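Remarks on the structure that follows.
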Amino acid sequence: MYETIDRLLDGPPPGAPEGELVDWISRLEAVKCRAEAVQAEVSVRLEEAVRARQTKAGVPARKLGEGVASQVALARRVSPAKGAKLLGLAKILLTEMPHTFALMKAGVFSQWQATILARETACLSLENRRVIDHELCATGTNGEPARAVSMGLRQLENAAKKLAISLDQASVVARAANAEKDRRVSVRPAPDTMTWLGALLPVKDGVAVFAALDQAANAARAAGDERTRGQVMADTLVDRVTGRAAGGKPRIEVKIVMTADSLANTSDQPALVEGYGPVPAGWAREALAEAEVFVRRLFADPAGHLVAMEARSRKAPDGLAEFITTRDGGICRTVGCDAPIRNIDHIQRHADGGETSAQNLQGLCERCNQAKEAIGWQARPGPDGSITTITPTGHVYTSPPPDTWAPDPPPLSRAEFTLRDVLLDHTLAA
């Protein structure tokens with residue numbers, strides 16, 4: 001079996017005809033689907049083994065299974081949130097959607113297709129979910145292929161929705177009403193110092209916002225505005241949210257870490273925008289001049305050393321906690337996790353003698369912070385700022401040091417000042 005897979009992964013021989021190349025692509029896709037099915041099966045077995053071990057160790061029932069999703073995430077090189085979703089999907093497939101799982105094992109149905117079906121049937125009873133599983137993914141009585149196999153993703157989603165509504169309309173309506181609680185706004189980095197700003201809104205609100213921006217674009221274009229429709233809509237959104245259209249500069253607090261030389265235009269070392277990442281120094285200077293933006297802590301020297309301090313208390317003081325968040329770029333230090341930092345946690349546990357210092361603190365999201373408290377998890381800081389995490393199975397994962405890590409930083413007070421003071425001094429000097 002392994003030899004067959006290895007041979008397949010070697011790829012087709014040089015000079016293979018087009019038809020054979022297509023066949024290779026098809027076979028490799030089937031292997032991917034089967035591999036995802038086996039990963040799901042193994043993930044469920046891992047959770048069963050962990051639960052058995054934790055039960056034997058006397059772990060309370062409500063905490064059984066803690067850390068399993070994080071182990072799945074580390075092994076699959078995805079975020080802990082994604083790992084939890086994959087584990088949840090695996091349990092659903094093996095216990096509630098046997099026909100969908102069988103299609104994956106046969107290599108004709110992908111994990112994402114299975115995710116769509118699981119998502120659209122989540123509000124239904126087990127009985128109704130199995131009805132949809134059979135209706136869309138069961139092989140016909142005369143061996144006909146399952147209906148879902150030939151459907152596109154949107155077709156599959158719509159088919160599952162229609163069946164769900166016909167089986168239990170009340171549950172679908174209740175789910176839609178409950179979904180409004182999940183409304184939120186998010187931002188994530190995009191190439192070329194741009195960002196994706198997204199909002200999850202009830203359909204009536206989302207459509208209304210888009211219609212208002214579209215109307216503004218129509219009016220601007222009719223008046224001869226040379227900007228594209230998309231540019232007008234984006235600019236209008238920013239104007240109305242920040243108040244820029246009223247003529248004043250938006251007063252926003254944001255953390256931008258840069259050397260004093262870069263700020264004074266005598267150096268071009270990249271700056272770091274918390275929540276985004278590296279940006280050119282010239283861009284940072286120009287962007288900061290356009291708004292009343294305050295920077296709480298900046299680099300103190302051209303080597304890029306951030307400030308730090310130590311504390312005797314178990315809980316990191318506000319200044320140290322803010323330093324850790326900035327140093328770690330606002331992103332959880334766990335390998336593969338892109339979630340925002342929510343907790344400042346000791347790498348070596350405080351109960352085990354770990355110090356409340358920059359070298360022994362890390363920024364973690366809530367999920368990762370909880371996972372590392374499960375039985376058998378260990379972590380230790382490295383001299384270079386890296387963090388080594390050891391899971392209960394003995395697997396080792398290393399998080400590299402952040403770009404702003406410094407082995408011997410200067411005292412806190414040397415680099416604390418507001419951007420306004422720096423800009424004023426620089427302006428007067430000019």
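Those helices (runs of 4 or more DSSP H) of region 51-139 in which 1 or more residues are among the charged types (D, E, K, R) and over 21 Å from Ile390 (Cα atoms) occupy 80-95, 98-105, 111-120, 126-137. Within region 144-171, residues that are open to solvent by 80 Å² or more (accessible area, probe 1.4 Å) reach partners that are not in a helix (DSSP H, G or I) with beta carbons closer than 9 Å, at six or more positions or on different chains, in the pairs Pro145/Val108; Pro145/Thr139; Arg147/Ala138; Arg147/Gly140.
The set of residues in region 123-164 that are in contact with a Lys or Arg (Cβ under 8 Å, 6 or more places away or on another chain) and at pLDDT below 95 comprises Cys123, Ala159. Number of residues in region 345-363 that are within 17 Å of Gly319 (Cα to Cα) and under 22 Å from the mean Cα position of the chain (by Cα) equals 4. Taking region 193-229 as the range and being open to solvent by 80 Å² or more (accessible area, probe 1.4 Å), at pLDDT 90 or above and within 30 Å of Arg175 (Cβ to Cβ) as the test, the residues that pass are Trp196, Leu197, Leu200, Phe210. The set of residues from region 89-101 being farther than 23 Å from Lys162 by Cβ and touching a residue at least 24 places away in the same chain (Cβ under 8 Å) comprises Ala90, Lys91, Leu94. Here is a check on your reading of the model: is Ala30 among the hydrophobic types (A, V, I, L, M, F, W, C), over 24 Å from Gly336 (Cα atoms), in a helix (DSSP H, G or I) and open to solvent by less than 60 Å² (accessible area, probe 1.4 Å)? Against the criterion (among the hydrophobic types (A, V, I, L, M, F, W, C), over 24 Å from Gly336 (Cα atoms), in a helix (DSSP H, G or I) and open to solvent by less than 60 Å² (accessible area, probe 1.4 Å)), Ala30 qualifies. Counted as qualifying within region 343-406 are the strands (runs of 3 or more DSSP E) with 1 or more residues that are farther than 20 Å from Ala75 by Cα, namely 343-346, 361-364, 378-381. Among the residues of region 340-359, the ones that are in contact (Cβ under 8 Å) with a residue 60 or more places away in the chain and either hydroxyl-bearing (Ser, Thr, Tyr) or surrounded by 18 or more Cβ atoms within 10 Å (Cβ to Cβ) (or both) come to 0 in all.
Any residue in region 46-58 that is exposed (fewer than 12 other Cβ atoms within 10 Å of the Cβ) and in contact (Cβ under 8 Å) with a residue 24 or more places away in the chain? Yes - at least one qualifying residue is present in region 46-58.
The values are calculated or read from the model by the stated rules, or taken from the named source; none is laboratory data. None of these values were measured; they are calculated from a predicted model. Glycine gets a Cβ as well: all are built from the backbone with ideal geometry, and neighbour counts include every protein chain shown. Ligands, DNA and RNA are stripped out before the accessible areas are found, and what is left, the full protein with its side chains, is counted by its heavy atoms. Shrake-Rupley method; radii C 1.70, N 1.55, O 1.52, S 1.80 Å.
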